[in-house]
Amino acid sequence: MYAQRFLRNLKEKVRLKAAKMPDKIDIKPLKKIKTIMDFDDQYTAPIHGFKDALTYYKECSSIRFVNDITIPTLIVNAINDPFLSKECYPVDLLNNHNY
C-alpha cells in the first residue's frame, strides 16, 4: 500500500517536471511502470548516470561504507518499515564490525 502510494506520487512528479521540460522528459513509459523498481529503471537510475535500478541500488547503498566506519556508531532503522526488505537490516554484519 505504501509503495503504491509512493509510486503514484513519483509518477505525478514526473508529469509535472515533463510539463516544464517536455523536450527532456518522456512520460510515455509511465503507463508501463508498476513498481518502484520499474520507476527507478526508467527514470531514477538513468538521470543519475546508472545503467539500471539494480546498479543504482548497489552503488548508492550505505552498506558499502560500513567497513570504513572507525568509531562506534549507532545506526537506527525502524524494523517495521514497510518500504524496506529484510536485506536492509544487516544485523550480523553490523554487530560483528570491528572498530
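The values are calculated or read from the model by the stated rules, or taken from the named source; none is laboratory data. What you see is a predicted model; the values in this text were computed from it and never measured. Backbone-built Cβ (ideal geometry, glycine too); neighbour counts: all protein chains shown. We work out accessible area using only protein heavy atoms, side chains counted, and drop any ligands, DNA or RNA first. Shrake-Rupley method; radii C 1.70, N 1.55, O 1.52, S 1.80 Å.
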Where in the chain are the helices (runs of 4 or more DSSP H), entirely inside, with at least 2 residues that are open to solvent by 100 Å² or more (accessible area, probe 1.4 Å) and modelled with pLDDT of 95 or more? 2-20
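For (1) within 14 Å of the chain's Cα centre (by Cα); (2) over 30 Å from Arg15 (Cβ atoms), each residue gets a yes or a no:
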{"site": "Ile25", "(1), (2)": "no, no"}
{"site": "Lys32", "(1), (2)": "no, no"}
{"site": "Asp40", "(1), (2)": "yes, no"}
{"site": "Tyr43", "(1), (2)": "yes, no"}
{"site": "Thr55", "(1), (2)": "yes, no"}
{"site": "Ser61", "(1), (2)": "yes, no"}
{"site": "Asn67", "(1), (2)": "no, yes"}
{"site": "Thr73", "(1), (2)": "no, yes"}
{"site": "His97", "(1), (2)": "no, yes"}
Taking the conditions exactly as written (touching a Phe, Trp or Tyr at 6+ places or on another chain (Cβ under 6 Å), free of Cβ contacts under 8 Å to residues at least 60 places away in the same chain and not charged (D, E, K, R)), does Tyr56 satisfy them or not? yes
